[in-house]
Every structure is written in structure tokens, then in C-alpha cells.
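Participant: Right, I'll just put the structure down here and ask away after.
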Amino acid sequence: MPLPKAELHLHIEGTLEPDLAFELAARNGVTLPYADTDALREAYLFADLQSFLDLYYALMAVLRTERDFEDLASAYLARAAAQGVRHAEIFFDPQAHIARGVPMETVVEGLWRALGPSAENHGVSTRLIMCFLRDESAESALATLDAAKPFLDRITAVGLDSAEVGHPPAKFREVYEAAAALGLRRVAHAGEEGPPAYITEALDVLGVERIDHGLRCMEDPALVERLVRERVPLTVCPLSNVRLRAVANLADHPLAAMLDAGLMCTVNSDDPAYFGGYAGDNLDAVGLALGLGEGRLRELARNSFLASFLEDDEGLRARYLAEVEAYEFG
Ligand code: ADE
Ligand code: ZN
């Protein structure tokens, strides 16, 4: 039995496995520029974040109907459950779909067809986090928040993703203020490829409660001290960091140093179909590469539930935390 954990950094579009991509392409009459799944997998060699994003956005062409989004999310939830994920807070990128003529309603309703019954079907509780694309305009983000208003009962938080460098958090001050006024929680990617100053800006200007990635905080000791003092959760994604070359290899990953510094880290999968593993795979791989002991692994699992947006169901959080403490490593 795998260690129980929450996944807090997972792009649902990044769970599109090659088999499903081809199945959806056939169903929707979309031609992919790859002969087969092997040829597609050969394209999974990335130089940096942008080279990944180019493929990530291109493959979204196969996602067209509610059923497509339902199938995508159902496949993820089944895989996550098998790896011990008990709670998943799932990102989606509506602008990337709306730009292709797929409305917000299709995306949210489709995802909800899988997320709604997920606790029953998979034993995984869920929340949805709507991301703004930081390489699009602030006006586009505001229009996206507006389009989401009929669906706010299904959306827990807003996030900020896509190409980081050159797109500082402050660009999105207004939409984050509007989201907070609507009762939405706030997170943002920062310090993946961008500088430590983007982490500070996400906290101070956007008012985020968690930082997604946050890796580059390690370049700024004063920032580390602040993140420790304020117990700001960082959703670290080890296999993603290797595949997108933020770190050279897993043995060089700063996660152990981050934990030693007292940072509240969690381990997540980001875009598991592209980066070689789901939540359990990430924890296993980084644990092995860095020699993390049972105490550290339990701490990471505990952090994942503590950092999750379960304020509306503290009983459930307590139950998950009890499962973590009772877990016996095999
Ligand atoms: N969108 C999907 N995955 C992402 C990542 N790792 N960083 C930024 N934007 C993303
Ligand atoms: Zn991400």
C-alpha cells in the first residue's frame, strides 16, 4: 500500500497520455503530426519550460467535448488513486481551450463529470484551481475570471502558470484582487525558471497562500527565512524539474536542502504524462535519489494535507492526517 498523500500541483492537461491523445484524436477527427504513440513519446525531450509548453498546448487540440475532459480526468484519478493520492487539487488552463473555441462550460462541466463522483469512484477528494496564462494579457485573465463566474461553486482557487520569465506576478494584481473578492483562494507558479523576486512578488502583490515550484528561493537566504517563518507551502515537482532542466539530475535536486532549511515542501507531479511519473513515482524517485528516510517521507505526506485547501472539511483533513501517521513503511 502506498503512502497516503495529497497532490497539489497537477495540470490536468499534463496528464494526457499518448494512448488517450490518439484515441481522442480519432474520436474528434483531429490529425496529430505524429505517426503513432512511440513517435509522440520521442518528442518528449525538452530543453526548457517553453519547449515543453509548445507540445503541451499543441496536443490540447484533441480535447473538444465534455466527454473528452471527463475521460482525461477519470484516467488521471484512477492512476493517482493507485499511487496513494487521497486528495487532488487540480489545475486547468481555460484560456488555452477558449482560444480554440472550446467554451469554459465544456471544460468545467466535463472535468466535473469525473471530479464530482471521484470520492465515491476512486476514493480521491478533489478541488479545482483555475489558472491564468501569464504570457497572455492581464485583460484576458480578467475576461477568464468573468467567464468562470457561473461555475464558482466548482472552483476553489486561482493559479498562474505558463512561460514564467518576463511575466512577473504583479502583471496580475487586479485579477487576483478580484478573485479574492469572489472568495477564491490564491496560488501561483513562481521561482521555477523565474527569479526569487517573483516569489516575493507573488506573496506580497498577489497574496498567494502557496507557491508552485519555488525552487529558486534557495538563491536568497532572506527569502528562505521568510518562507520558513511564514510556513508558506512550496509545491515541488522533482521529475518535472529534471525534464525541464531546472536541475541537472535528481541527485542534485535541492529538495533535501529545502527540507533541512525548514521549508514546508510537498512533492507533486506537475505534468505526469510528459515527465515520467505520477505523485507516487515522484516521491519514490526523489526519495531514492536523495536518500530521504521514513521521517522525511512522512513529513512530505503530512505537509501535503496541511497545505491543501481542506478548510471546508477539516474532518476529512484530520482523517487523512491520521492515515499518514498510522502508515507503516513496508
Ligand atoms: N503549465 C503546465 N505545466 C507547467 C509548468 N511546469 N510551469 C508553468 N506552466 C505550466
Ligand atoms: Zn506546474
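Taken together, the values in this text are just the output of simple stated rules run on the coordinates, not laboratory data. All figures in this text were calculated on a predicted structure; none of them were measured in a lab. Heads up, the Cβs are rebuilt from the backbone with ideal geometry, glycines too, and the neighbour counts pull from every protein chain shown.
Participant: For a paramagnetic label modelled at 7 Å from the Cα of residue 209 toward its Cβ, which residues of the range 292-328 fall within the zone defined by backbone nitrogen distances under 11 Å?
Facilitator: Correct set: 307-313.
Participant: Using only Cα atoms, locate the centre of the range 306-330 and the centre of the range 41-72, then give the distance between them in Å, rounded to an integer.
Facilitator: The range 306-330 and the range 41-72 have Cα centres separated by 32 Å.
Participant: Could you check which residue among 280, 293, 194 shows the biggest mean-square fluctuation in a GNM of the chain with a 10 Å Cα cutoff?
Facilitator: In the Gaussian network model the winner is 293.
Participant: Cut-off 10 angstrom, C-alpha nodes, Gaussian network model of the chain. Which of 51, 74, 118 fluctuates the most?
Facilitator: Residue with maximal mean-square fluctuation among 51, 74, 118: 51.
Participant: Bin all alpha-carbon pair distances of the range 148-233 at 10 Å intervals from 0 and give each bin's fraction as a whole percent.
Facilitator: With a bin width of 10 Å, the distribution comes to 18, 50, 26, 5, 0.
Participant: What base-10 log of the normalised intensity I(q)/I(0) is obtained for the range 1-75 from the Debye formula, alpha carbons as equal point scatterers, at q = 0.20, 0.22, 0.24 Å⁻¹?
Facilitator: Calculated log10 I(q)/I(0) at the listed q: -0.92, -1.05, -1.18.
Participant: Scan the range 90-141 for GluC sites (Glu not before Pro) in coil per DSSP, keeping those whose Cβ has at most 12 other Cβ atoms within 10 Å, and list them by number.
Facilitator: Of the GluC sites (Glu not before Pro), not one in the loops of the range 90-141 has a Cβ with at most 12 other Cβ atoms within 10 Å.
Participant: Separate question: Taking amide H positions as placed in the peptide plane 1.01 Å from N, state which residues far from residue 126 in sequence (5 or more) or on other chains have amide H under 5 Å from it.
Facilitator: Placed amide hydrogens put 88 under 5 Å from residue 126.
Participant: Which of the chymotrypsin sites (Phe, Trp or Tyr not before Pro) across the range 230-330 are loop residues per DSSP, with 11 or fewer other Cβ within 10 Å?
Facilitator: 329
Participant: Mind giving me the FRET efficiency for residue 50 and residue 1? R0 is 35 Å, r the Cβ-Cβ distance, nearest 0.05 is fine.
Facilitator: With R0 = 35 Å, the Cβ-Cβ based efficiency is 0.35.
Participant: Kirkwood Rh over Cα pairs of the range 1-127 into Stokes-Einstein at 20 °C, 1.002 mPa s: D in µm²/s?
Facilitator: Answer from the Stokes-Einstein relation: 141 µm²/s.
Participant: Another question, if that's okay. Where in the range 100-197 are there trypsin sites (Lys or Arg not before Pro) that are in a DSSP coil and have at most 16 other Cβ atoms within 10 angstrom of their Cβ?
Facilitator: 100
Participant: Working only with C-alpha atoms, what are the Rg and Dmax values of the chain, expressed in angstrom?
Facilitator: Over the chain's Cα set, Rg and Dmax evaluate to 18.5, 53 Å.
Participant: Tell me the mean residue ellipticity at 222 nm calculated for the chain from its helices only (DSSP H runs of n ≥ 4, each -39500 (n - 2.57), averaged over every residue, nearest 500). Each step should come with its number before you reach the end.
Facilitator: Working: 17 runs with 158 residues, N = 330.
Mean residue ellipticity, 222 nm, calculated: -13500 deg cm²/dmol.
Participant: Taking the Cα-to-Cβ direction at residue 173 and at residue 319 and moving 7 Å from each Cα, how far apart do the two end points lie in nm?
Facilitator: According to this spin-label approximation, the distance is 4.3 nm.
Participant: When you have a sec, figure out the Kirkwood radius of the range 242-311 from all distinct Cα pair distances and drop it here in Å to one decimal?
Facilitator: Numbers: mean 1/r = 0.0786 Å⁻¹.
It works out to 12.7 Å.
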